[in-house]
Structure formats: structure tokens, C-alpha cells
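First comes the structure, then the notes that go with it.
Every read-out reported here was derived from the displayed coordinates using simple, explicitly stated rules and does not represent laboratory data. Since this is a predicted model, take the numbers as computed values, not measurements. Note that we place each Cβ from the backbone using ideal geometry, even for glycine, and neighbour counts take in every protein chain shown.
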Amino acid sequence: MQQRSSVGELANSLKVELNRYSIGEKLPSSRALVERYRVSPVTVTRALAQLAAEGLVVTRPGAGAYRAEPRTAPPAAGDTSWQQLALSADTGAGGDTAPRAVDASGVLVTLAAPPPGVIEFNGGYLHPALQPERALAAALARAGRRPGAWGRPPADGLPELRAWFAREIGGSVTAAEVLVTAGGQSALTTALRALAAPGTPVLVESPTYPGMLAVARAAGLRPVPVPTDADGIRPDLLEAAFRATGARVVVCQPLFQNPTGAALIAERRAAVVRIARAAGAFVVEDDFARRLVHEDAAPLPPTLAADDPDGVVVHVCSLTKITSASLRVGALAARGPVLERLRAIQVVDSFFVPRPLQETALELVGSPAWNRHLRAVSQELRNRRDTMTAAVARHLPELALPHVPSGGFHVWLRLPDTLPEAALLPAALRTGVAVAPGRPYFAAEPPAGHIRLSFAGVAGPAEIAEGVRRLRTAIDELTN
């Protein structure tokens, strides 16, 4: 039995048993509970902690656990209807209205854990079986023993970590041009706030990462879609979009784009930077998937930042995707006056990234386990991609797979016009598989229905095959 379910079952059993005790009476010792319920001491400790968090017991170090005084009923809810007006659109001095609502639904799809028994094709992170849990634990332990590990770090980040990120970005990027951030999402937020004023347009790939669209809209920006194809964002349409909108920022994912998996080809890489430079605009390079390359992929191209001496590119990268959702350590790299603005916004927002996390990241990337982990994940992602694409071809032939990625953790499928996206998601969930809807990936009206299937957040190939079979059942329910 998994420990998580054991903790819940024991906590429920103890709740029933609490009725036998008077207020303030001591519960059986932890040793007695271990013997009675045949669980581990850790399970007992966590179950009692859960009851304590719910206010049902009080734990006293060295003395045991006691039934708590019942909580008093919470006060009656007040009238919060006034907030609807306070949170509505603001009208500035010029009369322009800027919406203040933030839509996080596209992000929450990939963050929410599905119900037990549901296969997680909607995930955005590595399954625990793929995460370097032992290496992370060892790195955290070593980091905790470093002198000053809990002291205040430099606002820009630890110099050694900034230097490591600079080497990874490549080219002439130096440690002085790197800021350590609390993950890639935080870096994107800082970049967009620094580069574009509220109410102005920002050019985005279509389709693109919903978290970036949410960040842009939360900052009061207007995302303008620029279509992509199997070779990445289209330079001809990018140039036209700059002329039509006067935008000063384009956000792109040149490598293993989310959700299409496409990689920007060499001639387009140079064109994107050249077009942005001619427009007096910045390119925000979201390099989130470089370490998610599949084993059989060709040598990776350098980052856009590595080939940019003029400060056109603001580079974003992170360690989160290749390790754990909780290792929120990333980097922003830029050169020129924009670096000071990025630094100022980050300091105002968060002061700095906690030093223990930075020290842990340093220990991890400097250990022999790091390269072993990268190789293992690269091989496993390739195997999982092959399993998923083969299963889709066999069981879901009516769903178009326009591009087989050579990196990343998902495939992007186009639905036939006869299969409504909105109906497929709940049908899939009823059959026991969660998928990510395509609609949140588009800044404007999508050309067709899509779904994104992640092969990194599941236990392995067998679960991938079973999930695709369940999706077949869901489609059959809707079409027969």
C-alpha cells in the first residue's frame, strides 16, 4: 500500500476512535498505534500531524497526543459583494480600460492532480520515477551543511550559480549578465513587465504556452498571435505583425516548443533576431526544454542569446522541468540597459531566491549524478515518445499528429472537425484519462480542436498504452 493512502486510512480510523476519548485525554502511544494498525512509525507521525492540522488532536513533544477542545463555529460570512466593483476594470487617465481579471485555468490544467486511478496525460512535470530524488536529497543535505547556507544571498543570485547558467547559455554571455530567478514562470513574469507597458501588444507564437499568455494578460498586455509551423514561428508573418502592431516584444520557444514540439530551423533563428532588431524590439527566448532532449536527437543548436551580441534577446531558462516542480530555480540573461530594469523588478517583487534552493541547485549540477540523470531522462523520454506515437497511430488514427518531437514531454494532436474538444475532455475523464485541452494555447480563435498528451507525467510505457486505449473508448462514446 502506498504510504500516502496509508496515512489517510490511519487518520480516518483515528478520527472514528477519537469519540472514545474525553477532551484532553491522551491517545495511545505511537508505538502502540504502530503495533495495532501494522503501519510504519512515519505513517503514524504523519497521520497524527494531519489530525493536529485539522484541530482534532494536540501533540506535545515527549508526552504524546491528546484529544483537542472542539473548535468553535466560524463566524457567519459577511457581505463580500462590494468586491465585484472594486475588482472590476480600471479606467486610466486617458480613458483606456485595462482588465484586471487573471485567467489561470490553462495553467491549472497542468498543475492539478487528477483523481486516483486517472492516468495523467495532462501533466507538465516529470513523474517521480523520472525525477532525481536521491540526487536532490543528497544535494539538499550537502547544501544545508555549507557555511552560511541560510544567510542572505546576493540579490542577483550566487556568483557560482550565475556563472554555471552563463556557461550553459553559451556564447559570450557572462555571469554578470545573469540573474537567478524563482523558476521559469517567475522569469517570464519579470521579463514581460520589464519590456512592455500595460495596454501594449506582445507578439506570441500560435499556439503557445498558456502560462505565458496568463502572465501577459495579468500584466495588462495584449497577446497578438503569430502562426507557427513544423519549423517554428514564421518570419514573414512575424515581420508583418511587427509592422501592423508596433509591438516591441516577441516571446518564442525556439527549441521543442510547447505545445507543438517544433524546433526553430537555422535560417529562421537568424531571421527572428534580425526582424526584431529592425523593429527595435526584444526577443524573449523561453528555453525551457533544452535539457529534455530525446536520446536520438541531432546535436542541439545554440541558444538565440549565444549568437546575439546586440542585446536583442532576453533569455529565460530553468532547472525545474528536468528535476522537480519544487526546485524552482531558473535564470534571466540580458545585456545592456534592460538588465538593470530586470534586476530592479525582480528585487521589488521577491528580493531574492532563497539561498538554500540556490545552494541545492549548485550541489546538484556539480555532482556526478547530474549528467547520469540527464542521460537517463533523455533515453526514457525517447522511449515514452515512441510508445505514445505508436499507440496514437494504432488506436487514434483519426487524430492528426503533424509533428513528432525530438525533445520535450508531449505530443500535440489535432482533432477532426466532427469531434468537439469541449466534449472530449469530460468524456476522457469519465474513462479514466486526463488530457490537456488545446483552446488555452491560442491567444485568439483556434483553427481547430486540439489536445496535448504528456508522456512524462505517467509511470511508464504500460500506462501510456492504457491511457491511449481509454481515450479511444472516450472518443467512441462521443462518435457512436
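Based on alpha-carbon centroids, what's the gap between the stretch 424-480 and the stretch 354-376 in Å, whole number please?
That distance is 34 Å.
From the Cα gyration tensor of the chain, with a ≥ b ≥ c the square roots of its eigenvalues, which class applies: rounded if a/c is under 1.5, or else prolate if a/b is larger than b/c, or else oblate?
Because a/c hits 1.5 or more and a/b exceeds b/c, the chain counts as prolate.
Excluding I233 itself, calculate the net charge of residues whose Cβ lies under 14 Å from the Cβ of I233, where each Lys or Arg counts +1 and each Asp or Glu counts -1. Could you put the intermediate results ahead of the total?
Working: positive: R234, R268, R269, R274; negative: E205, D229, D231, D236, E239, E267, E285, D286.
Cβ neighbours under 14 Å give a net charge of -4.
What list do you get for V273, V411, V42 if you sort them by fewest beta carbons within 10 Å? If you can, show how the numbers build up before the last one.
Working: V273 19, V411 24, V42 12.
Exposure proxy ranking, most exposed first: V42, V273, V411.
How high is the FRET efficiency between A390 and A138 when r is their beta carbon distance and R₀ equals 51 Å, given to the nearest 0.05?
Values: r = 36 Å, r/R0 = 0.71.
Calculated transfer efficiency: 0.90.
Could you pull out the chymotrypsin sites (Phe, Trp or Tyr not before Pro) across the stretch 15-86 that fall in loop regions by DSSP (anything but H, G, I, E, B) with no more than 16 other Cβ atoms inside 10 Å? Please report the intermediate quantities before stating the final value.
Numbers: sites: Y21, Y37, Y66, W82; in loops: Y21, W82.
Passing sites in the stretch 15-86 are Y21, W82.
With an 8 Å cut-off on Cα pairs and a minimum separation of 6 or more residues, tell me the relative contact order of the stretch 180-276 in percent.
Working: 145 pairs, mean separation 27.4, N = 97.
Reported relative contact order: 28 percent.
Less than 13 Å Cβ to Cβ from G311, Lys/Arg counted +1 and Asp/Glu -1: what total charge do the surrounding residues give? Write out the running numbers ahead of the final one.
On the way: positive: R277, R335, R341; negative: E177, E285, D307, D308, D310, E340.
Every neighbour counted, the sum reads -3.
Could you work out how far the C-alpha centroid of the stretch 389-421 sits from that of the stretch 204-280, in angstrom?
23
Sort L381, L140 so the one with the fewest other Cβ atoms within 10 Å of its own Cβ comes first.
On the way: L381 24, L140 16.
So the ranking, lowest neighbour count to highest, is L140, L381.
Which value, in debye to the nearest 20, gives the size of the charge dipole of the stretch 114-170 about its Cα centre, when Lys and Arg are +1 and Asp and Glu are -1 at the Cβ?
Numbers: 7 positive and 5 negative charges, 72 e Å.
Computed charge dipole of the stretch 114-170: roughly 340 debye.
Counting Lys +1, Arg +1, Asp -1, Glu -1, what net charge surrounds R430 among other residues with beta carbon under 14 Å of its beta carbon?
Numbers: positive: R470, R472; negative: D476, E477.
Residues near R430 contribute 0 overall.
Could you run the Karplus curve 6.51 cos²θ - 1.76 cosθ + 1.60 with θ = phi - 60° over the stretch 343-351 and give me ³J(HN,Hα) per residue in whole Hz, x for Gly and Pro?
Those phi angles translate into 4, 5, 5, 5, 5, 5, 6, 9, 6 Hz.
For V224, which sequence-distant residues (separation of 5 or more, or a different chain) have an amide H within less than 5 Å of its own amide H, given hydrogens modelled in the peptide plane?
Distant-sequence amide H within range of V224: V202, L203, V204.
Rounded to the nearest 0.05, what FRET efficiency do A49 and N480 have when you use their Cβ-Cβ distance and R0 = 51 Å?
On the way: r = 49 Å, r/R0 = 0.96.
For R0 = 51 Å, the calculated efficiency reads 0.55.
Which whole-number percentage describes the relative contact order of the chain, with Cα contacts under 8 Å and a sequence gap of 6 or more? Don't jump to the answer; show the numbers that get you there.
Values: 863 pairs, mean separation 85.9, N = 480.
With pairs under 8 Å counted, the relative contact order is 18 percent.
If you take every DSSP beta bridge whose two residues both sit in the chain, what share of them, in percent to the nearest 5, is antiparallel?
Working: 26 of 44 bridges.
Rounded to the nearest five, the antiparallel share is 60 percent.
Check D229: other-chain or 5+ apart residues with amide H under 5 Å from its amide H, H built from backbone geometry?
Amide H neighbours of D229: R234.
Is the C-alpha gyration tensor of the stretch 408-480 telling us rounded, prolate or oblate? Criteria: a/c under 1.5 is rounded; beyond that, a/b larger than b/c is prolate, otherwise oblate. Write down the numbers at each step before the final one.
Details: a/c = 2.25, a/b = 1.21, b/c = 1.86.
Here the stretch 408-480 falls in the oblate category.
Run the dipole for the stretch 110-264 about the Cα centre, Lys and Arg Cβ at +1, Asp and Glu Cβ at -1, nothing else charged, and hand back the magnitude in debye, nearest 20. All intermediate terms of the calculation are to be shown ahead of the outcome.
On the way: 13 positive and 11 negative charges, 126 e Å.
I would put it at about 600 debye.
Hey, what number do you get for the chain at 222 nm if only DSSP H runs of n ≥ 4 count, each worth -39500 (n - 2.57), divided across all residues, to the nearest 500? List each step's numbers first, then the result.
On the way: 16 runs with 197 residues, N = 480.
The per-residue figure over the chain is -13000 deg cm²/dmol.
First measure r as the distance between the Cβ atoms of E421 and I265, then evaluate 1/(1 + (r/R0)^6) with R0 = 25 Å and state the FRET efficiency to the nearest 0.05. Can you show the working numbers first?
Working: r = 29 Å, r/R0 = 1.17.
In this case the efficiency is close to 0.30.
Residues in the stretch 30-71 near a label at E9, defined as backbone nitrogen under 14 Å from the 7 Å Cα→Cβ point?
What the label zone holds, given the 14 Å backbone N cut-off, is 36-40, 43-44.
Search the structure for amide H atoms under 5 Å from the amide H of F282, placed 1.01 Å from N in the peptide plane, and list their residues when 5 or more places away or on another chain.
V249, V250
Would you work out the charge dipole size for the stretch 145-366 about its Cα centre, treating the Cβ of every Lys and Arg as +1 and the Cβ of every Asp and Glu as -1, and quote it to the nearest 20 debye? Each step should come with its number before you reach the end.
Working: 23 positive and 22 negative charges, 141 e Å.
Charge dipole of the stretch 145-366: 680 debye, to the nearest 20.
Cα gyration tensor of the stretch 165-280, axes a ≥ b ≥ c as square roots of the eigenvalues: rounded (a/c below 1.5), prolate (a/b > b/c) or oblate?
Values: a/c = 1.39, a/b = 1.10, b/c = 1.27.
Here the stretch 165-280 falls in the rounded category.
Hey, can you rank 412-418, 152-158, 283-289, 198-204 by average C-beta count inside 10 Å, highest first?
Details: 412-418: 16.0, 152-158: 17.6, 283-289: 26.3, 198-204: 20.6.
Highest mean packing first, the order is 283-289, 198-204, 152-158, 412-418.
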